[in-house]
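Q: Starting off with a structure, shown below.
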């Protein structure tokens, strides 16, 4: 089983091979990556690894950080979804292409995952990791019902992550 969520303005679905260019545009842009990797763009190998990992998450869990497609233009404008952490919890995450910031797309794209988690996956809680200066993502987390828990190392969530401080958000379901 795989996810596909349709909202008023968006479709959120697993990545297709044809989406690679859109992901690369975002992942190689310093502005887009400011709060993801402190502005360091991804190279081709990192993009391929991300897409492969997200495909594995879909195969194993039915969800991933998927492609966000704007219905009006059929353009992939971001990513949203969820992925497992090393401790078994699931992390919500979102990026929206900078030309579309401030339109409410991140909140619209991530809400169906919260509903899916409650109704289908029946998980007890969801978490989000946010770069502490990223006020826009903190607002998205709060709009969907998450609460700030603490500042901790990103490595505590997924061992392969850098040892950098993150704002850790959580919500009980």
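Q: Take the alpha carbon gyration tensor of region 52-147, find the square roots of its eigenvalues, order them as a ≥ b ≥ c, and report rounded if a/c is under 1.5; if not, report prolate when a/b exceeds b/c, else oblate.
A: Values: a/c = 1.66, a/b = 1.23, b/c = 1.36.
Because a/c hits 1.5 or more and a/b fails to exceed b/c, region 52-147 counts as oblate.
Q: Give me the percent of Cα-Cα pairs in region 119-164 that sit more than 16 Å apart, rounded to a whole number.
A: Tail of the P(r) past 16 Å holds 48 percent of the pairs.
Q: Post the alpha-carbon centroid distance, region 2-47 to region 59-134, in whole angstrom.
A: Cα centroid to Cα centroid, the span is 11 Å.
Q: Could you please rank 82, 28, 171, placing first whichever residue has the fewest other Cβ atoms within 10 Å of its Cβ? The partial results should precede the final answer.
A: Numbers: 82 27, 28 15, 171 18.
Lowest count first: 28, 171, 82.
Q: Could you list, bin by bin from short to long, the percent of Cα-Cα pairs of region 1-92 in 10 Å steps?
A: Calculated over all Cα pairs of region 1-92, the distribution is 17, 47, 34, 3 percent.
Q: Related question: So between residue 170 and residue 31, what do we pick up on full extension, going 0.36 nm a residue minus the alpha carbon distance?
A: Working: separation 139, 0.36 × 139 = 50.04 nm, distance 2.62 nm.
Stretched out fully, the residue 170 to residue 31 stretch lengthens by 47.4 nm.
Q: Taking the inverse of the average 1/r across all pairs of different Cα atoms in region 5-172, what Kirkwood radius in Å do you get? Mind showing how you got there, number by number?
A: Working: mean 1/r = 0.0625 Å⁻¹.
For region 5-172, the Kirkwood estimate is 16.0 Å.
Q: Give me 92, 123 sorted ascending by neighbouring Cβ count inside 10 Å, so fewest comes first. Please list the in-between numbers first.
A: On the way: 92 24, 123 15.
Fewest to most other Cβ atoms nearby, the residues stand as 123, 92.
Every number in this text was worked out from the coordinates using simple rules, so none of it is lab data. Just so it is clear, the model here is predicted, and its values are computed rather than measured. Here Cβ is always computed from backbone atoms with ideal geometry, including for glycine, and neighbour counts include all displayed protein chains.
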